[in-house]
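Contents: one structure, followed by commentary.
Taken together, the values in this text are just the output of simple stated rules run on the coordinates, not laboratory data. No experiment lies behind these values; they were computed from the predicted model shown. Here the Cβ positions follow ideal geometry from the backbone for every residue, glycine too, while neighbour counts run over all protein chains shown.
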Amino acid sequence: MKDTPLLTIITVVRNAVNEIEATFQSIAALKKPWVEYVVLDGGSTDGTQNIIRKYQHIIDYWHSQADAGIYDAMNQAAALARGNYVLNINAGDELLHLPYEALCQARDCGTDLLAGRVVTDTRECLSPKWKAALKVYNTLPHQGAFYRRLLLLTYPYDLSFRVFADYDLNQRLYKVQIKVAITSDVIAFHSMQGISNSSSNAAELFHVIEKNFGTWYRWRAWLHFKWMGIKHKLSL
């Protein structure tokens, strides 16, 4: 369609009144006519909806209603989106850059996923990698991943995973060998304080790996994270 946006940015949020404004400010600074912005609120009761209304001039569509969690909301938002590509910048994340030329090239070449770098609050810059290491740990932070919208409709997030459905999606896409392009651009800021970085959720992480690649890779992942933990302790 002639009026199809090049990109839809999605923000899903629930009760994040202290984090959401920085997210909105970062998107407002980079909002362009070729960018659609969709916000889904999961029925916040802490004042988040008031912040959403404050920024509704940059939002193309939003609603507030109960959902089954972050990945259910992300699936709903992908179904509502109209853009060629979808980028998830959720509460607590901040958008830093939109690679317009790279996105245009990706669209014209039929690329399924354009992946960029993400910076964290530990000053680490995470560079995306589309290689076999993805079987052991997530090499593709979703805050820098521009997925073709139709791809997300074909491969929605698996709601049986509460924390690592994004990693599960990346593994499933790796298995079917989608067309991927990598950019060196830093796309977003991502806080490392979220639940996906808590060791209490390791069981789900290993479940994702075993589901997609079997028990051997589950044990490889366990050894990888064990070694990373040892290295961290040695560096202290």
Tilt of helix 215-235 relative to the longest C-alpha principal axis of the chain, in degrees (0 to 90, nearest 10)? 90 degrees
List, in order, the whole-Hz ³J(HN,Hα) value for each residue of the stretch 158-165 obtained from phi through the Karplus relation with A = 6.51, B = -1.76, C = 1.60 and θ = phi - 60°; use x for Gly and Pro. 7, 6, 6, 9, 7, 10, 10, 5
Along the chain, longest interval not containing exposed trypsin sites (Lys or Arg not before Pro), exposed being DSSP loop plus at most 11 other Cβ atoms within 10 Å: 3-122
What size of dipole, in debye to the nearest 20, comes out for the stretch 7-194 about its Cα centre when the only charges are +1 on Lys and Arg C-beta atoms and -1 on Asp and Glu C-beta atoms? 520 debye
Mean ellipticity per residue at 222 nm, deg cm²/dmol - from DSSP H runs of n ≥ 4 across the chain, formula -39500 (n - 2.57): -11000 deg cm²/dmol
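Given the pairs LYS32/LYS211; LYS32/LYS129; LYS31/LYS211, which span a C-alpha to C-alpha distance of over 32 angstrom in this model? If you can, show how the numbers build up before the last one.
Values: LYS32/LYS211 40 Å; LYS32/LYS129 28 Å; LYS31/LYS211 38 Å.
Where the Cα-Cα span goes over 32 Å, the pairs concerned are LYS32/LYS211; LYS31/LYS211.
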Tilt relative to the chain, helix 70-80 - C-alpha long axis, 0 to 90 degrees, to 10: 50 degrees
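Fewest to most neighbouring Cβ within 10 Å: what's the order for ASP3, ASP168? Could you put the intermediate results ahead of the total?
Values: ASP3 5, ASP168 23.
Sorted ascending by nearby Cβ count, the order is ASP3, ASP168.
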When a/c reaches 1.5 or more, the comparison of a/b and b/c decides; with that in mind, is the chain rounded, prolate or oblate per its Cα gyration tensor? prolate
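How high is the relative contact order of the chain, given as a whole-number percent (alpha carbon pairs under 8 Å, six or more residues apart)? Each step should come with its number before you reach the end.
Working: 419 pairs, mean separation 49.0, N = 236.
With pairs under 8 Å counted, the relative contact order is 21 percent.
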Between the residues THR8, HIS63, ALA102, the Cα farthest towards the positive end of the dipole of the stretch 7-194, that dipole coming from +1 and -1 charges on the beta-carbon of Lys, Arg, Asp and Glu, is from ALA102
